[in-house]
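Asks: Attaching a single structure in structure tokens format; questions to follow.
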Amino acid sequence: MIPFFSDIFGNPSSDTHTYGWEASQAVESARQQIASVVGAKPEEIFFTSGASESNNLAIKGTAQFLINHPIRPKNHILTCATEHKSVLESCRSLEKNGVHTTYLPVNGLGIIDLDQLSENITDQTFLVSIMAVNNEIGVIQNLKEIGKICRSKNVYFHVDAAQGFGKIKINVDENNIDMMSISSHKIYGPKGVGAIYIRKRPKVKLFPILHGGGQERGIRSGTVPSALCVGLGEAAEIMDKEREKDWQHALILRNKFLDIIMRECSEVHINGCMEKRVPINVNLCFSCVESEGLMTCAKDVAISAGSACSSAFLEPSYVICALGITEDLINTATRISFGRNTTEEEAEFAAHHIAETVNRLRRMSPLWDSKNNRSLTRFPCHCPMK
Ligand SMILES: *Cc1c(COP(=O)(O)O)cnc(C)c1O
């Protein structure tokens, strides 16, 4: 990336001098790197500022095109309760334009029901938006089957692959994906850049949401940040090469971590399906230990309650809520992630440190004390998305 911040500072859209050409060549080669990871053509990849923008573009762009369509107007979107906020809020923002959204529930393991998906597609539906991998619980949805259903019903299939791109193999043709959102910083690339795949054949029709100089073939105006694109392209290629290795590495660390936690702590609940998931994270509920308290007291590890995007709100995670777990556990959900550069020693240290902290907090907890004597009243979950 560094040369593109200094020596090769040309604007990739400037086609009247070599500075521009050099930058443009680098951007096009990054586009190719991204395309080849998902089996797309380079001209189907458009750079954006990140997966949030890509999600906004996929949802609002197709909606704008279709709600006022002169021949076949449509006004229904089908998505899922555990999607990222950038999907949920994009859908919500279209309500004022007359677009209805159905938020499919998930089962206790975080997986959507394919029959239910199929049944909820109406002749008004233009878009199904389902994520590849959930950012809080790591669960993988069945893209291939969803894609089949969408194609057979002639509905666009958008995939938020911010957490799936590079980590699981996703081929856009094999999965009948029409649009796919990609984020750079989720694959060790720079922050502030992402991409969207938009299918050429059969062609996805959508309006841009950013207007201006017409960069990215009119789909996304604004100067293309060549240095960031180069970083994203390289990160994508490395992810593709290292996929198996990264997966195995994370799996070993996660299993080691879980072994220690389960040995040293009682009453630990794992959120989300253990089979259909990526190994890079695990989401745990430690009964009677709120994640806020755990994060504050386990000072030597960097862990989170749910996602970085909503942890500022101090409200229970709607993703965990959607799993239907008991109310007394919701605020205890804690996400622990294992990266490419995390070592086994670090994972073991984290497990011991977290287990110790959980046990220490429980010893001070009147709730934990009374729990063993009287059974807790279990309330149903009041999920805001349901
Ligand atoms: C991080 C993330 C996003 C947002 O991506 P940005 O590039 O940060 O805008 C969207 N969806 C999911 C599932 C994510 O994990």
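The values are calculated or read from the model by the stated rules, or taken from the named source; none is laboratory data. Only a predicted model underlies this, so the values are computations on that prediction, with no experimental measurement involved. Counting neighbours? That spans all protein chains shown, and the Cβs are built from the backbone with ideal geometry, glycine included.
Asks: I need every pair where a residue in region 148-171 that is aromatic (Phe, Trp, Tyr) and modelled with pLDDT of 95 or more has its Cβ under 8 Å from the Cβ of a residue that is within 12 Å of the ligand (Cβ to nearest atom) and not in a strand (DSSP E or B), sequence separation at least 6 or different chains.
Replies: Listed pairs, sorted by first residue: Phe157/Ile130; Phe165/Ala132; Phe165/Lys186; Phe165/Ile187.
Asks: Let me ask another. Among the candidates Ile112, Ile146, Ile130, single out the residue that is within 16 Å of the ligand (Cβ to nearest atom), in contact with a Pro (Cβ under 9 Å, 6 or more places away or on another chain) and of a type outside the set (D, E, K, R).
Replies: Going through Ile112, Ile146, Ile130 in turn, just one is within 16 Å of the ligand (Cβ to nearest atom), in contact with a Pro (Cβ under 9 Å, 6 or more places away or on another chain) and of a type outside the set (D, E, K, R): Ile112.
Asks: Look at region 189-216 and say how many of its residues are β-branched (Val, Ile, Thr), part of a strand (DSSP E or B) and under 23 Å from Met1 (Cβ atoms).
Replies: So the count comes out to 1.
Asks: Can you find a residue in region 23-32 that is within 14 Å of the ligand (Cβ to nearest atom) and modelled with pLDDT of 95 or more?
Replies: No, region 23-32 has no match at all.
Asks: Right, something else. Can you work out which of the residues in region 1-17 that are in a helix (DSSP H, G or I) and within 30 Å of the chain's Cα centre (by Cα) is surrounded by the most Cβ atoms within 10 Å (Cβ to Cβ)?
Replies: Top of the filtered list is Phe4.
Asks: I've got another one for you. Can you name every residue in region 191-207 that is surrounded by fewer than 19 Cβ atoms within 10 Å (Cβ to Cβ) and either within 11 Å of the ligand (Cβ to nearest atom) or of a type in the set (A, V, I, L, M, F, W, C) (or both)?
Replies: Scanning region 191-207 gives Lys191, Gly192, Phe207.
Asks: Let me ask something else about it. Among the residues of region 77-96, write down those that are surrounded by fewer than 23 Cβ atoms within 10 Å (Cβ to Cβ) and touching a helix residue (DSSP H, G or I) at 6+ places or on another chain (Cβ under 6 Å).
Replies: As a first pass, look at region 77-96 and keep what is surrounded by fewer than 23 Cβ atoms within 10 Å (Cβ to Cβ): 81, 85-86, 88-89, 92-96.
Passing the criteria: Ala81, Ser86, Leu94.
Asks: So the check is Cβ under 9 Å with 6+ separation or different chains; which pairs have a first residue in region 39-64 that's at positive phi and a second one that's outside any helix (DSSP H, G or I) and more than 15 Å from the ligand (Cβ to nearest atom)?
Replies: Every condition considered, the pairs that remain are Gly39/Asn171; Gly39/Val172; Gly39/Asp173; Gly39/Glu174.
Asks: Is there any pair with a first residue in region 126-139 that is touching a residue at least 12 places away in the same chain (Cβ under 8 Å) and a second that is within 8 Å of the ligand (Cβ to nearest atom) and of a type in the set (Lys, Arg) whose Cβ atoms are under 9 Å apart and which are 6 or more apart or on different chains, and what are they?
Replies: Close Cβ pairs satisfying both conditions: Asn135/Lys186.
Asks: For region 158-175, enumerate the residues that are buried (at least 19 other Cβ atoms within 10 Å of the Cβ), closer than 16 Å to Ile130 by Cβ and away from the ligand (no atom under 12 Å from the Cβ).
Replies: If the condition is that a residue be buried (at least 19 other Cβ atoms within 10 Å of the Cβ), closer than 16 Å to Ile130 by Cβ and away from the ligand (no atom under 12 Å from the Cβ), then Ile170, Val172, Asn175 are the ones that fit.
Asks: Related question: Quick one: is Leu117 among the hydrophobic types (A, V, I, L, M, F, W, C) and either part of a strand (DSSP E or B) or more than 30 Å from Arg31 (Cα to Cα) (or both)?
Replies: The answer is yes for Leu117.
Asks: Please go through region 137-147 and pick out each residue that is buried (at least 21 other Cβ atoms within 10 Å of the Cβ) and either at pLDDT below 95 or among the polar types (S, T, N, Q) (or both).
Replies: The one that is buried (at least 21 other Cβ atoms within 10 Å of the Cβ) and either at pLDDT below 95 or among the polar types (S, T, N, Q) (or both): Gln141.
Asks: In the set Lys245, Lys241, Lys186, which member is assigned to a helix (DSSP H, G or I), modelled with pLDDT of 95 or more and either of a type in the set (A, V, I, L, M, F, W, C) or within 16 Å of the ligand (Cβ to nearest atom) (or both)? Let's see the steps before the verdict.
Replies: Details: Lys245 fails: either of a type in the set (A, V, I, L, M, F, W, C) or within 16 Å of the ligand (Cβ to nearest atom) (or both); Lys241 fails: either of a type in the set (A, V, I, L, M, F, W, C) or within 16 Å of the ligand (Cβ to nearest atom) (or both).
None of the others qualify; the one that does is Lys186.
Asks: Can you pull out the residues in region 44-96 that are more than 16 Å from the ligand (Cβ to nearest atom), in a loop (DSSP other than H, G, I, E, B) and among the hydrophobic types (A, V, I, L, M, F, W, C)?
Replies: Ile71, Leu94 - these are the residues of region 44-96 that are more than 16 Å from the ligand (Cβ to nearest atom), in a loop (DSSP other than H, G, I, E, B) and among the hydrophobic types (A, V, I, L, M, F, W, C).
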